Amino acid sequence: MGIRHTLTRSRGTRRGRRSGIALLVAMTTIMLLTVVVTELSYTARVRYVIAVHERERAQAYWVSQTGINIYKLILTANKQMEGNSSMSGAADMFGINLGDALWQMVPVLNTGLMRMLFASGGDMNDIEQEVLDEFKSSGQLSEEIVEESREGSLWSDKNFLDFDGDFTAEVTDEDSKLNVSLLGNTMGTVQDSAIGQQLYGMMAGEENDAWFRERNIDRWDIIANLKDWVDADSMGSGRSGGQEDNLYNNRDSPYLTKNAPFDTFDEVRLVEGWQDDVMDRFSKQITIHGAGKVNINTAEDEVIAALIKAYVQPTPMDDQCLRMVEQIREYMWFASFKNGKDFAKYLTNQGYTVSDGLEGQIGDSSKTFRVVSTGLVGTTTVTTTAIIDYNKSQSGAITYWRVD
């Protein structure tokens, strides 16, 4: 009996051990399967999110192109109007500069405005004031307006605005700014060059004098550094002279001067003295694009002041320069300047002495434009920047293209 009892107890212990091992194996298997399924689910989710994002990014890219293409149509139509002698002649009689009239009427475009225009049949007066107020405050339109803007016409089942997403685009002219790329054509010193004098005029004035003194920056030196970056030789144009590359050899990551034209506007920040503060202060008044003549009719006050300080003798003080700019603005409420000679004559008639070089630095219309268009689909945005040049082509040549 003792032996039989011992055997029975031993068998029960072995069955208990086998049950414990089976339970452990089952729990381990379930745990591993849970990990595998969770990993597969997570991976699938990540791939799905990436796929959705890539799809939205592709859609947003093409939506952003809509803004670029619409502005290209507007700009091209504007240049064709400018080339029509009868239309230009009639516009001149009323003091209208036809070369810049059309694009200045629509400096900003977005799908919200266009959808309201299409939904109203072209008459914005039909849009309720509540809808306009909501759009101004939030930028959003009601579903009813959006659906109405998607409806087709008698000639097509699809409307131009029948797409998902939105875009916002704006146009600015590069010819309203000072072109630093012209320094590459400068013979002699920067002090003797037209663009050098204009840049110095932009940086002149009592407030700027104090600003540069605080930072121990010599204005002619940093203008010379721009010239050295784009000219073909390797000799420094600044007061210290020497090799151009000496300015960059001692940096943590040394590099050489380019000795070639700028390819992008951000490249200006590589030039010694044009990092950070200086670019932040003056970047809105300079460009690397265009033929170089400043369109006085679209120039900002700071650029007009730069031209005044560069070509009016003696150089006016800040308060006098401000009054001159105000006088010019008042004149342009009623008429546009036809050319540089017209602008110089105006200043002379106001009693100012003007240098002979001013006439050749002024243009009567813009031919180089920057268009920035942002497409939005879902939560994804894509911004496309294009420079469109009409100096050699009536249809416009895209000379710069960037997608962010």
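The values are calculated or read from the model by the stated rules, or taken from the named source; none is laboratory data. Since this is a predicted model, take the numbers as computed values, not measurements. Cβ: placed from backbone, ideal geometry, glycine included. Neighbour counts: every protein chain shown. Please note that ligands, DNA and RNA were not included when accessible areas were found on the heavy atoms of the full protein model with its side chains. Shrake-Rupley method; radii C 1.70, N 1.55, O 1.52, S 1.80 Å.
Residue count for the range 145-176 satisfying the condition of being modelled with pLDDT of 85 or more, in contact with a Lys or Arg (Cβ under 8 Å, 6 or more places away or on another chain) and not β-branched (V, I, T): 3. The residues of the range 310-359 include none that are over 19 Å from A194 (Cβ atoms), among the polar types (S, T, N, Q), open to solvent by 70 Å² or more (accessible area, probe 1.4 Å) and touching a residue at least 40 places away in the same chain (Cβ under 8 Å).
The single condition among (1) modelled with pLDDT of 90 or more; (2) part of a helix (DSSP H, G or I) that N246 does not satisfy is (1). Taken over the range 362-400, the criterion of being closer than 22 Å to N297 by Cα and of a type in the set (A, V, I, L, M, F, W, C) is satisfied by I362, F369, V371, V372, I387, I388. Identify all residues within the range 303-324 that are within 12 Å of G205 (Cβ to Cβ) and of a type in the set (V, I, T); write none if there are none. Listed by number, the residues that qualify are I308, T315.
Just the residues that are among the aliphatic types (A, V, I, L, M) and over 28 Å from the mean Cα position of the chain (by Cα), please, taken from the range 162-216. Steps first, please.
From the range 162-216, those among the aliphatic types (A, V, I, L, M) are 169, 171, 178, 180, 182-183, 187, 190, 194-195, 199, 202-204, 210; that's our starting set.
Correct list: M187, V190, A210.
Among the residues making up the range 216-243, a single one is modelled with pLDDT of 90 or more, crowded, with 17+ Cβ neighbours inside 10 Å and among the polar types (S, T, N, Q): N225. Quick check: anything in the range 257-268 in a loop (DSSP other than H, G, I, E, B) and closer than 27 Å to C321 by Cα? No - not one qualifying residue is present in the range 257-268. Residues satisfying the criterion are present in the range 77-90 (criterion: modelled with pLDDT of 85 or more, open to solvent by less than 60 Å² (accessible area, probe 1.4 Å), under 26 Å from G363 (Cα atoms) and of a type in the set (A, V, I, L, M)).
If I go through the range 200-215 residue by residue, how many of them are open to solvent by 20 Å² or more (accessible area, probe 1.4 Å) and at positive phi? Total satisfying the criteria: 0. Residues that are modelled with pLDDT under 85, open to solvent by 40 Å² or more (accessible area, probe 1.4 Å) and not in a helix (DSSP H, G or I) do not occur anywhere in the range 8-25.
Scan the range 396-403 and give yes if some residue there is within 28 Å of the chain's Cα centre (by Cα), in a loop (DSSP other than H, G, I, E, B) and farther than 28 Å from L161 by Cα, otherwise no. Within the range 396-403, none of the residues are within 28 Å of the chain's Cα centre (by Cα), in a loop (DSSP other than H, G, I, E, B) and farther than 28 Å from L161 by Cα.
For the range 301-309, indicate whether the set of residues that are touching a helix residue (DSSP H, G or I) at 6+ places or on another chain (Cβ under 6 Å), assigned to a loop (DSSP other than H, G, I, E, B), of a type outside the set (D, E) and in contact (Cβ under 8 Å) with a residue 24 or more places away in the chain is non-empty. I'd like the intermediate steps shown before the answer.
Of all residues in the range 301-309, those touching a helix residue (DSSP H, G or I) at 6+ places or on another chain (Cβ under 6 Å) come to 301-306, 308-309.
Restricting the remaining residues to those that are assigned to a loop (DSSP other than H, G, I, E, B) gives none.
Checked the range 301-309: no residue is touching a helix residue (DSSP H, G or I) at 6+ places or on another chain (Cβ under 6 Å), assigned to a loop (DSSP other than H, G, I, E, B), of a type outside the set (D, E) and in contact (Cβ under 8 Å) with a residue 24 or more places away in the chain.
Restricting attention to the range 156-181, the residues that are surrounded by 22 or more Cβ atoms within 10 Å (Cβ to Cβ) and part of a helix (DSSP H, G or I) add up to 4. Give the residue, chosen from V303, V294, V271, V278, that is touching a Leu at 6+ places or on another chain (Cβ under 6 Å) and either open to solvent by less than 50 Å² (accessible area, probe 1.4 Å) or under 16 Å from L182 (Cβ atoms) (or both). Going through V303, V294, V271, V278 in turn, just one is touching a Leu at 6+ places or on another chain (Cβ under 6 Å) and either open to solvent by less than 50 Å² (accessible area, probe 1.4 Å) or under 16 Å from L182 (Cβ atoms) (or both): V271.
In this structure, does P254 turn out to be open to solvent by 60 Å² or more (accessible area, probe 1.4 Å), in a loop (DSSP other than H, G, I, E, B) and under 25 Å from E174 (Cα atoms)? No. Counting only residues that are crowded, with 18+ Cβ neighbours inside 10 Å and either of a type outside the set (D, E, K, R) or free of Cβ contacts under 8 Å to residues at least 60 places away in the same chain (or both), the range 386-403 holds 5 of them. It is to be established whether one or more residues within the range 184-192 are among the charged types (D, E, K, R), at pLDDT 95 or above and in a helix (DSSP H, G or I). The answer is no, given that none of the residues of the range 184-192 is among the charged types (D, E, K, R), at pLDDT 95 or above and in a helix (DSSP H, G or I).
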